[in-house]
Ligand code: FAD
Ligand code: NAP
Ligand code: SF4
């Protein structure tokens with residue numbers, strides 16, 4: 001019987017020799033756990049929860065077929081029988097929950113961050129310091145054998161198949177494109193030669209594993225780099241891969257070195273699904289759509305209109321392991337939606353830290369952060385319904401405590417309500433929708449419009465009082481700071497005060513950049529930005545006539561003239577997210593924002609903002625000066641002498657520490673404290 005809520009997305013997929021229980025794929029995410037043998041029991045629990053939550057097919061993080069393919073030194077490798085034992089923990093856990101799992105084989109080629117990197121040609125990538133050696137003919141043969149051995153070992157480990165990673169600019173992509181393949185032998189030149197390596201790998205893996213084993217291939221269908229493949233070439237490769245024995249054709253968008261964002265939160269949802277739709281018309285095996293698909297209604301629509309047979313979502317399964325079960329039960333509004341921030345997943349991966357999730361700190365920590373039922377129910381007050389307080393109150397209630405959540409405002413969200421006003425951050429509203437549902441389902445008593453004080457709290461006899469009151473914006477000491485030209489970021493984003501056409505922003509942290517993007521936006525253009533508009537803005541040709549889908553971006557039409565200022569002499573925006581900061585910098589640069597470092601603020605007067613830069617005086621003749629100069633903790637509720645008070649007081653989020661505060665820390669602190677009460 002088709003599922004009444006998502007009949008297409010949740011329909012089984014018969015592959016001939018095996019059937020997938022629905023059309024969702026948990027895409028490959030490197031967690032860091034796969035790199036160390038002693039972490040495989042944690043990895044097994046991480047995947048077990050996703051299999052129990054209903055994922056149709058799970059893909060592991062990338063496992064290298066040999067050492068030269070390592071992304072990082074000593075990264076996860078499968079090249080000997082000794083590797084099987086650990087992987088069996090993973091496959092057993094997934095199978096016990098009725099799921100299916102394939103192991104991704106990833107050879108990073110010139111993206112490797114290690115000295116033994118190889119590629120099609122000796123051409124360094126812009127994102128690794130190591131120059132690769134061009135593979136010799138015998139090196140290519142040994143690489144093929146490594147893939148075959150790796151796939152056989154995966155089969156012995158109990159995997160239902162393998163995914164061969166051919167996109168995002170990794171080794172096989174490097175062979176496929178003229179950008180990185182300068183060879184003049186039978187592995188380079190024409191597309192027939194450039195695709196010889198991936199096709200030969202698939203052909204020989206198929207011969208080795210037999211016909212009843214999934215081979216999924218992740219094919220780059222829009223390279224988004226100069227020297228990337230044309231659509232005609234993409235199709236030719238896809239057809240050859242099908243011929244060679246691929247079961248499912250997954251798709252990838254953009255190389256890691258591409259200067260077009262493909263997954264950050266400002267990319268419109270399901271932006272690239274139509275490209276997968278064009279591929280589907282050219283092959284007869286199942287095709288998977290991917291990139292910025294984060295809710296079941298998009299997955300349903302993509303499959304219903306015939307753009308793909310399956311949808312791959314990687315980060316959404318970090319955010320909510322129960323994604324599929326909730327959708328199936330008609331409870332999609334209870335899904336903890338991935339907001340595409342990258343802060344705890346990709347930013348961690350690229351900093352060599354274990355991947356987790358901003359909205360779900362249990363991700364990757366399933367065996368360590370557990371929400372167990374308490375044997376001693378306590379009366380708990382949480383003050384502040386921002387990310388920290390929402391997290392603390394819902395986890396405490398889930399653990400069985402009697403929780404009251406107070407906020408002085410008339411709605412939940414704290415600073416997230418302000419963040420979601422920024423163009424491209426519309427997803428942040430989903431987190432508040434999720435928490436709204438979670439408060440109700442866990443039975444938290446919500447007391448809005450109540451600015452509580454310490455005496456009131458003490459009078460109510462709570463066992464524990466969690467202060468999550470956040471921050472107050474910092475007002476810098478500056479002559480003229482009370483001039484009518486001066487506004488705070490709250491005046492702009494929350495109170496919507498009118499802002500002139502020429503603006504100086506004091507403070508170039510995350511909020512300074514966000515205010516810049518907000519003020520650049522032409523209010524006549526509806527939000528979220530329409531897809532066609534976004535494509536022309538970033539210079540994307542989804543038809544991929546040539547050059548990997550790149551065209552000249554449309555000239556910018558900034559709505560305001562903006563200066564973004566900081567006192568530090570470091571690069572403006574250097575502290576932004578590792579995998580998303582460049583998008584914010586590029587957006588502001590394209591729109592002519594003048595970013596100044598090493599600024600000293602002198603005064604604000606009727607003329608504008610007087611500053612010095614490198615000792616030289618300068619007047620910025622602006623209509624408004626917006627203060628985004630950081631924040632200070634709001635801790636008025638904390639007693640001076642903690643020992644005197646019966647209830648245990650705790651501080652979390654911004655109330656605990658305003659510097660380096662973000663929602664990732666706020667939510668994690670809330671969950672950890674509540675789980676330990
Ligand atoms: P807050 O969110 O400040 O919540 C505190 C709550 O306490 C408020 O609702 C307040 O009304 C309530 N309160 C205070 N005093 C009392 C009292 N006495 N009685 C009752 N209620 C009280 N972070 C990220 O990680 N990624 C981002 O991309 C990001 N973008 C941002 C963009 C903007 C424009 C802004 C402003 C912030 C952004 N942040 C971002 C920061 C993030 O929102 C904060 O780190 C986070 O909200 C801090 O959570 P918190 O719960 O500690 O405090
Ligand atoms: P922030 O990142 O700490 O930036 C504060 C800015 O104000 C800095 O540029 C700082 O630079 C400047 N500043 C500090 N004290 C000043 C003073 N006395 N006078 C003038 N300038 C001063 O903080 P934020 O922008 O307020 O953001 C708050 C938190 O929200 C951040 O920790 C951030 O992680 C989070 N956030 C994240 C994102 C994201 O996209 N991930 C977006 C928004 C916010 P100088 O000292 O060099 O002048
Ligand atoms: Fe999604 Fe952000 Fe969580 Fe990564 S950290 S999975 S992008 S919500």
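The values are calculated or read from the model by the stated rules, or taken from the named source; none is laboratory data. Model, not experiment: these values are computed from the prediction. Heads up, the Cβs are rebuilt from the backbone with ideal geometry, glycines too, and the neighbour counts pull from every protein chain shown.
Among the residues of region 107-123, write down those that are touching a residue at least 60 places away in the same chain (Cβ under 8 Å) and in a strand (DSSP E or B).
The initial filter retains those residues of region 107-123 that are touching a residue at least 60 places away in the same chain (Cβ under 8 Å), namely 107-111, 119-121.
Matches in region 107-123: 119 only.
Restricting to region 618-634, name every residue that is touching a residue at least 24 places away in the same chain (Cβ under 8 Å) and over 28 Å from residue 666 (Cβ atoms). Don't jump to the end; show me each part of the working.
Filtering region 618-634 down to residues touching a residue at least 24 places away in the same chain (Cβ under 8 Å) leaves 620-634.
The answer is 620, 621, 622, 623, 624, 625.
Could you tell me how many of the residues in region 452-461 are in a loop (DSSP other than H, G, I, E, B) and either more than 18 Å from residue 384 (Cβ to Cβ) or within 14 Å of ligand 3 (Cβ to nearest atom) (or both)? Before you say what the answer is, go through the steps one by one.
Step one: of region 452-461, the residues in a loop (DSSP other than H, G, I, E, B) are 452-453, 460-461.
With either more than 18 Å from residue 384 (Cβ to Cβ) or within 14 Å of ligand 3 (Cβ to nearest atom) (or both) added as a condition, the list becomes 461.
Count: 1.
Name the residues in region 406-432 that are within 16 Å of residue 391 (Cβ to Cβ) and either within 14 Å of ligand 3 (Cβ to nearest atom) or modelled with pLDDT under 95 (or both), would you?
416, 419, 428, 430, 431, 432
Considering only region 85-103, how many residues are more than 26 Å from residue 249 (Cα to Cα) and in contact (Cβ under 8 Å) with a residue 40 or more places away in the chain? Steps first, please.
To start, the set of residues in region 85-103 that are more than 26 Å from residue 249 (Cα to Cα) comprises 85-86, 89, 96.
With the extra rule that they be in contact (Cβ under 8 Å) with a residue 40 or more places away in the chain, the set shrinks to 86, 89, 96.
Number satisfying all stated conditions: 3.
(1) under 20 Å from residue 425 (Cα atoms); (2) within 16 Å of ligand 2 (Cβ to nearest atom): which one isn't true of residue 567, the others all being true?
(1)
One residue is enough: does region 314-325 have a residue meeting the conditions closer than 30 Å to residue 72 by Cβ, in a loop (DSSP other than H, G, I, E, B) and touching a helix residue (DSSP H, G or I) at 6+ places or on another chain (Cβ under 8 Å)?
Taking region 314-325 as the starting set, the residues that turn out to be closer than 30 Å to residue 72 by Cβ are 314-321, 323.
Restricting the remaining residues to those that are in a loop (DSSP other than H, G, I, E, B) gives 314, 320-321.
Now narrow it down to the ones that are touching a helix residue (DSSP H, G or I) at 6+ places or on another chain (Cβ under 8 Å): 320-321.
Within region 314-325, one or more residues are closer than 30 Å to residue 72 by Cβ, in a loop (DSSP other than H, G, I, E, B) and touching a helix residue (DSSP H, G or I) at 6+ places or on another chain (Cβ under 8 Å).
Within region 294-310, can you find the residues that are farther than 23 Å from residue 340 by Cα and not in a loop (DSSP other than H, G, I, E, B)?
Step one: filter region 294-310 for residues farther than 23 Å from residue 340 by Cα, giving 304-306, 309.
Answer for region 294-310, where residues must be farther than 23 Å from residue 340 by Cα and not in a loop (DSSP other than H, G, I, E, B): just 304.
Just need a number here: residues in region 8-17 that are part of a loop (DSSP other than H, G, I, E, B) and touching a residue at least 12 places away in the same chain (Cβ under 8 Å).
Of all residues in region 8-17, those part of a loop (DSSP other than H, G, I, E, B) come to 8-12, 15-17.
Remaining after also requiring touching a residue at least 12 places away in the same chain (Cβ under 8 Å): 8-11, 15, 17.
Residues meeting the conditions: 6.
In region 574-677, which strands (runs of 3 or more DSSP E) lie fully inside it and hold 2 or more residues that are modelled with pLDDT of 95 or more?
On the way: elements: 594-596, 599-605, 608-613, 616-620, 624-627, 631-633, 648-651.
Of the strands (runs of 3 or more DSSP E) lying wholly inside region 574-677, those with at least 2 residues that are modelled with pLDDT of 95 or more span 594-596, 599-605, 608-613, 616-620, 624-627.
Would you check if residue 60 is in contact with a strand residue (DSSP E or B) (Cβ under 7 Å, 6 or more places away or on another chain), crowded, with 19+ Cβ neighbours inside 10 Å and part of a strand (DSSP E or B)?
On the way: in contact with a strand residue (DSSP E or B) (Cβ under 7 Å, 6 or more places away or on another chain): yes; crowded, with 19+ Cβ neighbours inside 10 Å: yes; part of a strand (DSSP E or B): yes.
Against the criterion (in contact with a strand residue (DSSP E or B) (Cβ under 7 Å, 6 or more places away or on another chain), crowded, with 19+ Cβ neighbours inside 10 Å and part of a strand (DSSP E or B)), residue 60 qualifies.
Criterion first (more than 15 Å from ligand 2 (Cβ to nearest atom) and assigned by TED's automatic domain parsing to the domain that holds residue 591) does residue 515 satisfy it?
So residue 515 does not fit the description; no.
Against the condition farther than 19 Å from residue 59 by Cβ, buried (at least 24 other Cβ atoms within 10 Å of the Cβ) and in contact with a strand residue (DSSP E or B) (Cβ under 8 Å, 6 or more places away or on another chain), how does residue 254 come out, does it pass? Steps first, please.
On the way: farther than 19 Å from residue 59 by Cβ: no; buried (at least 24 other Cβ atoms within 10 Å of the Cβ): yes; in contact with a strand residue (DSSP E or B) (Cβ under 8 Å, 6 or more places away or on another chain): yes.
Against the criterion (farther than 19 Å from residue 59 by Cβ, buried (at least 24 other Cβ atoms within 10 Å of the Cβ) and in contact with a strand residue (DSSP E or B) (Cβ under 8 Å, 6 or more places away or on another chain)), residue 254 does not qualify.
Test residue 598 against the stated conditions and say whether it is within 16 Å of ligand 3 (Cβ to nearest atom) and surrounded by fewer than 20 Cβ atoms within 10 Å (Cβ to Cβ). Break it down stepwise before answering.
On the way: within 16 Å of ligand 3 (Cβ to nearest atom): no; surrounded by fewer than 20 Cβ atoms within 10 Å (Cβ to Cβ): yes.
Judged against the criteria, residue 598 is not a match.
Does residue 291 meet the test of being without any contact (Cβ under 8 Å) to a residue 60 or more places away in the chain, assigned to a loop (DSSP other than H, G, I, E, B), within 30 Å of residue 124 (Cα to Cα) and more than 16 Å from ligand 2 (Cβ to nearest atom)? Lay out the reasoning, then the answer.
On the way: without any contact (Cβ under 8 Å) to a residue 60 or more places away in the chain: yes; assigned to a loop (DSSP other than H, G, I, E, B): yes; within 30 Å of residue 124 (Cα to Cα): yes; more than 16 Å from ligand 2 (Cβ to nearest atom): yes.
Spelling it out, residue 291 is indeed without any contact (Cβ under 8 Å) to a residue 60 or more places away in the chain, assigned to a loop (DSSP other than H, G, I, E, B), within 30 Å of residue 124 (Cα to Cα) and more than 16 Å from ligand 2 (Cβ to nearest atom).
Just to be sure I understand the filter: pairs with C-beta atoms under 9 Å, separated by 6 or more residues or on different chains, first member in region 657-672 and farther than 21 Å from residue 365 by Cα, second member modelled with pLDDT of 95 or more and within 13 Å of ligand 3 (Cβ to nearest atom). Which pairs pass?
Here the result reads 657/665, each pair linking region 657-672 to a residue that is modelled with pLDDT of 95 or more and within 13 Å of ligand 3 (Cβ to nearest atom).
Can you name the residue in region 562-602 that is without any contact (Cβ under 8 Å) to a residue 12 or more places away in the chain and more than 16 Å from ligand 1 (Cβ to nearest atom) and is also farthest from residue 664 (Cα to Cα) among such residues?
Only one residue fits best here, namely 589.
Being away from ligand 1 (no atom under 14 Å from the Cβ) and not assigned by TED's automatic domain parsing to the domain that holds residue 659 narrows it down to one of 507, 480, so name that one. So that I can check it myself, show each step before the final result.
Numbers: 507 fails: away from ligand 1 (no atom under 14 Å from the Cβ).
From the options 507, 480, the qualifying one is 480.
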